[in-house]
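Remarks on the structure that follows.
The values are calculated or read from the model by the stated rules, or taken from the named source; none is laboratory data. None of these values were measured; they are calculated from a predicted model. So basically every Cβ, Gly included, is an ideal-geometry build from the backbone, and we count neighbours across all protein chains shown. Keep in mind that these areas ignore ligands, DNA and RNA; they rest on the heavy atoms of the full protein, side chains included. Shrake-Rupley method; radii C 1.70, N 1.55, O 1.52, S 1.80 Å.
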Amino acid sequence: MANQNQIAIKGFFENQNVKNKFQDLLGKKAQGCVTSVLQVVNSNNLLQNSNPESIYQAAAIAATLDLPINNNLGFAYIVPYGGNAQFQLGYKGFVQLAQRSGQVKNIYASEIFKGELIEADPLKGFVFDFSKRLTGENSNEIIGYAARMELINGFENVLYMSIQQLQTHGKKFSQTFKKGSGLWSTDFDSMAKKTVIKLLLSKFAPLSVEMQKAL
């Protein structure tokens, strides 16, 4: 049974002005976006107690970037923080925006298992050996994450971060990481991939307007 806050949030999104805003941003996809947002809210007790205006603002950012709000898809999230909701871009969202730029040929991220990192030189590049993955002989211990990007013009680069470096990054830039909550706690894999992709893009990619907003 819905509580008073859920009813208030649902009522907020049923306001005609709010409907018109999403219609302007998404056209025929507007109702689907609102439905997804309400489903996310209904599945999260902290979001149910968040300011409806902040949920709307987070959803509007996702709509502006034309990314679906669905925790299972990993493109974008609405996360609770301090009584408000915040927009958070997932690693698949960064990949999507990079592909839309028309300048990125390939971009992806992967966990790196023990024994796969052969050479790590931040100036000359990183060398990996993934051959044992094909035979299932690789270690089950993840030592870090790497992202690789190749542009249409032939430029390519790889960024690697160890688990310790990723944890240090999370502690420095994420309030939820410090509290042991949020996606860093529940889905470290996706946050680690997002971090290496985000840093790779911010350092080496030609940035579209959408990508500048995302970063």
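Quick look at the values:
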{"quantity": "Quarter of the Cα convex hull surface for the range 1-55, i.e. its orientation-mean projected area (nm²)", "calculated": "3.6 nm²"}
{"quantity": "Sulfur and carbon atoms: percent of accessible area, the range 5-118 [1.4 Å]", "calculated": "47 percent"}
{"quantity": "Whole-Hz ³J(HN,Hα) from phi, Karplus 6.51 cos²θ - 1.76 cosθ + 1.60, for the range 134-145, glycine and proline x", "calculated": "5, 9, x, 9, 6, 5, 8, 8, 7, 9, x, 9"}
{"quantity": "Whole-Hz couplings from phi, Karplus 6.51/-1.76/1.60, listed for the range 61-72; x for Gly and Pro", "calculated": "5, 4, 5, 4, 8, 6, 10, x, 8, 7, 4, 6"}
{"quantity": "Kirkwood Rh (inverse of mean 1/r, distinct Cα pairs), the range 82-191, angstrom", "calculated": "15.9 Å"}
{"quantity": "Spin-label model distance (nm) - Ile143 vs Ser208, 7 Å beyond Cα toward Cβ", "calculated": "3.6 nm"}
{"quantity": "Computed Rg/Rh of the chain, alpha carbon atoms with Kirkwood Rh", "calculated": "1.02"}
{"quantity": "Hull-based mean projected area of the range 1-92, where the convex hull spans the alpha carbons, in square nanometres", "calculated": "5.4 nm²"}
{"quantity": "Solvent-accessible area per residue, Å², over the range 97-139 with all protein chains present [probe radius 1.4 Å]", "calculated": "67 Å²"}
{"quantity": "Accessible area of the range 127-172 belonging to carbon and sulfur atoms, whole % at 1.4 Å probe", "calculated": "49 percent"}
{"quantity": "Fraction of antiparallel bridges per DSSP, the chain only, in percent to nearest 5", "calculated": "95 percent"}
{"quantity": "Charge dipole (the range 125-215, unit charges on Cβ, about Cα centre) - positive-most of Leu151, Phe188, Asn140", "calculated": "Phe188"}
{"quantity": "Filter on Lys29/Lys193; Lys172/Lys198; Lys124/Lys172; Lys105/Lys193; Lys114/Lys198; Lys21/Lys105 - keep pairs with C-alpha separation over 25 Å", "calculated": "Lys29/Lys193; Lys124/Lys172; Lys21/Lys105"}
{"quantity": "Under the Karplus curve 6.51 cos²θ - 1.76 cosθ + 1.60, θ = phi - 60°, whole-Hz ³J(HN,Hα) for the range 38-52, x wherever Gly or Pro sits", "calculated": "5, 5, 5, 4, 5, 9, 9, 4, 5, 5, 4, 9, 8, 4, x"}
{"quantity": "Most to least packed among 155-163, 75-83, 19-27 [average Cβ atoms within 10 Å]", "calculated": "75-83, 155-163, 19-27"}
{"quantity": "Full-stretch length increase - Val127, Asn45 - with 0.36 nm per residue and alpha-carbon distance subtracted", "calculated": "25.1 nm"}
{"quantity": "For Gly144, residues with placed amide H under 5 Å, excluding near neighbours", "calculated": "Ile112, Ile163"}
